[in-house]
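Below: the structure, in structure tokens.
The values are calculated or read from the model by the stated rules, or taken from the named source; none is laboratory data. If you're wondering where the values come from, they're calculated on a predicted model, not measured in any experiment. No Cβ is skipped: glycine too gets one built from the backbone with ideal geometry, and neighbour counts run over all protein chains shown. Calculation scope for accessible area: heavy atoms of the full protein, side chains included, ligands and nucleic acids excluded. Shrake-Rupley method; radii C 1.70, N 1.55, O 1.52, S 1.80 Å.
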Amino acid sequence: MAEVLVLVEHSGGEVKKVTNELLTAAARLGEPAAVVVATPGTAGKLSDRLAAYGAAKIYVAESDEVSQYLMAPAVGVLAELVASVRPAAVLIAASADGKEIAGKLAVRTGSGLLSDVVELAEDGTATHSVFGGSYLAKSRATTPVAVITVRAGSIEPVSSPGAAVEQIIEVPAVNAATTAKIIERRPVQSADRPELTEASVVVSGGRGVGSADNFAIVEKLADSLGAAVGASRAAVDSGFYPHQFQVGQTGKTVSPQLYVALGISGAIQHRAGMQTSKTIIAVNKDPEAPIFEIADFGVVGDLFTIAPQLTEAITKRKG
Amino acid sequence: MNIVVLIKQVPDTWSERRLTDSDHTLDRASADVVLDEINERAVEEALRIKEAGGGEVTVVTMGPPRATDAVRKALQMGADSGVHLADDGLHGSCAVQTAKALAKVIGTLGDVDLIIAGNEATDGTVGAIPAMVADVLGLPELTHARKVTIEGHTVTVERDTDEGVTVLQAELPAVVSVNEKINEPRYPSFKGIMAAKKKPVRTLSLADVGIATSEVGLAAATSTVIESAPRPPRSAGQIITDEGDGAAQLVQYLVGQKLI
Ligand SMILES: Cc1cc2nc3c(=O)[nH]c(=O)nc-3n(C[C@H](O)[C@H](O)[C@H](O)COP(=O)(O)OP(=O)(O)OC[C@H]3O[C@@H](n4cnc5c(N)ncnc54)[C@H](O)[C@@H]3O)c2cc1C
Ligand SMILES: Nc1ncnc2c1ncn2[C@@H]1O[C@H](COP(=O)(O)O)[C@@H](O)[C@H]1O
């Protein structure tokens with residue numbers, strides 16, 4: 001059976017959830033082989049988790065250079081593996097970095113690039129959710145190797161033990177003349193909330209929330225539900241909430257079990273990022289707001305009244 | 001400073017966007033098309049760099065004949081000239097072919113110091129063309145920039161992603177992609193609109209840039225769409241007006257759906 005390479009996403013010595021999803025998808029196409037590109041001493045901390053989700057092999061590519069450059073070390077490692085292993089496919093998370101690593105790898109290896117995939121079938125057919133979820137399209141690579149980026153949260157991870165046989169490989173030296181150098185990192189402070197794209201409940205606030213301080217109302221409701229917090233672009237542009245929480249066409253695409261929109265009109269570009277949610281709840285004081293066209297349950301009313309009452313009722317029930 | 005801006009005409013996100021039934025490519029004929037908003041910001045950034053340090057701004061697009069309108073819009077904003085790669089043979093090209101073709105076009109423009117693109121297009125959301133073009137050209141990429149600084153021959157950007165901000169630096173020539181927090185693009189002025197009429201736009205064919213028709217298009221694409229279908233639209237559910245018990249009814253609904 002051909003190998004299917006999975007580029008491992010990790011931070012702080014832990015495997016990110018999306019990697020379990022990728023390993024699960026990889027097993028449908030062939031034999032999952034995890035690829036860890038990291039600074040020395042990292043792979044050891046990750047191997048148990050990778051084994052638990054079916055990694056038959058772990059390629060360990062460790063070098064100090066990995067912390068000095070963004071994409072280049074991973075692209076170099078994967079390009080060499082594609083040449084030596086001839087995998088059926090390479091699976092990479094559809095994050096900002098992942099998409100670029102995949103694109104560069106596709107260029108270097110002349111492989112088909114299947115981007116932002118939400119489902120992957122055993123025969124290699126990939127499903128994409130396009131135009132903000134208003135279309136489903138299926139595609140295939142016409143090349144021997146497919147480079148596929150998979151949207152986080154779209155494939156249900158299944159644990160299944162793998163042999164996780166480690167194989168040490170080299171990180172090819174980065175060409176400093178053609179690669180931008182990292183001169184500073186300012187990581188985001190991670191909040192105690194689930195990640196937006198992974199959360200099963202998302203509570204978002206829009207311009208109607210009125211100020212950055214008022215976003216506490218959104219956060220409190222989110223916390224009562226164990227939810228992630230999102231925001232509309234108008235809320236982000238007004239400085240109410242940071243950019244990385246923007247939901248929509250040019251922000252995150254989320255597809256949770258429950259999406260709660262507070263003071264969001266429901267412009268087409270916002271809907272593009274959330275309309276595939278299972279259940280949509282909207283609170284808006286304007287009965288004509290387009291968000292009500294797609295809400296499963298809508299309340300025409302003032303969010304400053306409804307949201308705190310809701311938070312209280314939910315907290316009580318959980319009691 | 002010679003600056004190239006990569007721009008793309010896309011279906012307006014405000015309009016209904018469709019795929020064609022015949023070959024599942026973008027239905028460009030039925031859509032209202034615009035210069036992608038992120039590319040207005042890319043043009044704006046190029047103009048600001050030019051205004052600060054001098055130079056020339058050339059916009060480059062690959063797309064069907066009507067994409068010339070997008071080039072014109074960029075010229076109205078203040079770009080100096082445009083290059084449009086338009087050829088029937090390009091129809092259905094994949095991302096790898098697009099990146100290679102754009103690199104070929106850039107290769108015909110002489111000494112280029114800086115290439116600026118959007119971080120992700122609103123029609124395909126590949127989010128990788130700038131990095132891929134950089135790879136083909138053998139240039140460093142500094143992508144997802146919310147801030148760009150040029151000092152002498154050094155470019156520094158603040159890359160803004162979920163991970164936080166990463167400050168990247170490279171020597172020119174380089175490829176930069178910008179995110180939507182970079183700037184507010186200017187509106188074309190009346191003077192700009194008039195001036196744009198006289199600015200040169202060169203339309204190039206595949207032969208002009210040295211690409212064989214066998215290298216591009218649907219038949220040679222490294223990936224192909226085999227099937228597409230619109231998702232059934234969502235319909236509205238139950239809408240109530242709050243008369244004091246709105247929150248209570250909402251809780252009941254959530255309980256009924258086993259969501260809490
Ligand atoms: C290319 C492009 C990309 C875009 N990408 C995105 C994107 O990724 N994400 C995104 O969100 N937008 C995006 N937009 C912007 C989008 O068009 C809208 O402008 C934006 O979504 C509006 O945000 P909003 O609903 O918070 O604000 P508004 O449209 O101003 O709506 C605010 C709503 O709050 C309600 N309200 C006010 N006060 C209260 C109250 N006390 N109680 C209850 N309700 C109240 C009002 O009735 C109103 O409906 C994009 C636009 C373009 C052109
Ligand atoms: N056909 C094209 N012509 C010119 N520039 C393009 C084209 N496709 C993509 N780009 C550039 O690449 C950016 C990112 O697009 P993408 O990687 O397709 O999401 C766009 O904002 C443009 O700057």
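Residues in region A:56-84 that are in a helix (DSSP H, G or I), open to solvent by 40 Å² or more (accessible area, probe 1.4 Å) and touching a residue at least 60 places away in the same chain (Cβ under 8 Å): A:E65, A:S67, A:E80. Restricting A:V158, A:V145, A:V188 to residues that are open to solvent by 50 Å² or more (accessible area, probe 1.4 Å) and touching a Ser or Thr at 6+ places or on another chain (Cβ under 8 Å) narrows the list to A:V158. Counting just the residues of region A:268-313 that are within 16 Å of ligand 2 (Cβ to nearest atom) and either open to solvent by less than 10 Å² (accessible area, probe 1.4 Å) or in a loop (DSSP other than H, G, I, E, B) (or both), which one comes out nearest to the other protein chains (Cβ to nearest Cβ)? Among those residues, the one meeting the criterion is A:A272. Would you confirm, using the coordinates I've provided, whether B:V136 is more than 16 Å from the chain's Cα centre (by Cα), closer than 27 Å to A:Q244 by Cβ, surrounded by fewer than 24 Cβ atoms within 10 Å (Cβ to Cβ) and more than 16 Å from ligand 1 (Cβ to nearest atom)? Judged against the criteria, B:V136 is not a match. Note on region A:244-260: among residues that are of a type outside the set (S, T, N, Q) and more than 10 Å from ligand 1 (Cβ to nearest atom), the one that is nearest to the other protein chains (Cβ to nearest Cβ) is A:L258. Got at least one residue in region B:4-25 being assigned to a helix (DSSP H, G or I) and more than 16 Å from ligand 2 (Cβ to nearest atom)? No, region B:4-25 contains no residue that is assigned to a helix (DSSP H, G or I) and more than 16 Å from ligand 2 (Cβ to nearest atom).
Entry remark, region B:211-233: residues being in a loop (DSSP other than H, G, I, E, B) and within 24 Å of the chain's Cα centre (by Cα) number 5 in total.
Screening the candidates B:D36, B:D87 for the property of being within 14 Å of chain A (Cβ to nearest Cβ), touching a residue at least 40 places away in the same chain (Cβ under 8 Å) and within 14 Å of ligand 2 (Cβ to nearest atom) yields one hit, B:D36.
To keep it simple, each residue is scored yes or no on (1) within 14 Å of ligand 2 (Cβ to nearest atom); (2) more than 7 Å from every other protein chain (Cβ to nearest Cβ); (3) open to solvent by 40 Å² or more (accessible area, probe 1.4 Å).
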position: B:A121; (1), (2), (3): yes, yes, no
position: B:P130; (1), (2), (3): yes, yes, no
position: B:T143; (1), (2), (3): yes, no, no
position: B:I150; (1), (2), (3): no, yes, yes
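Against the numbered list (1) surrounded by fewer than 23 Cβ atoms within 10 Å (Cβ to Cβ); (2) closer than 16 Å to B:G210 by Cβ, B:L102 comes up short only at (1). Going through region B:164-201 one residue at a time, which ones are touching a Leu at 6+ places or on another chain (Cβ under 7 Å) and more than 30 Å from A:Q244 (Cα to Cα)? Answer for region B:164-201, where residues must be touching a Leu at 6+ places or on another chain (Cβ under 7 Å) and more than 30 Å from A:Q244 (Cα to Cα): B:A196, B:K199.
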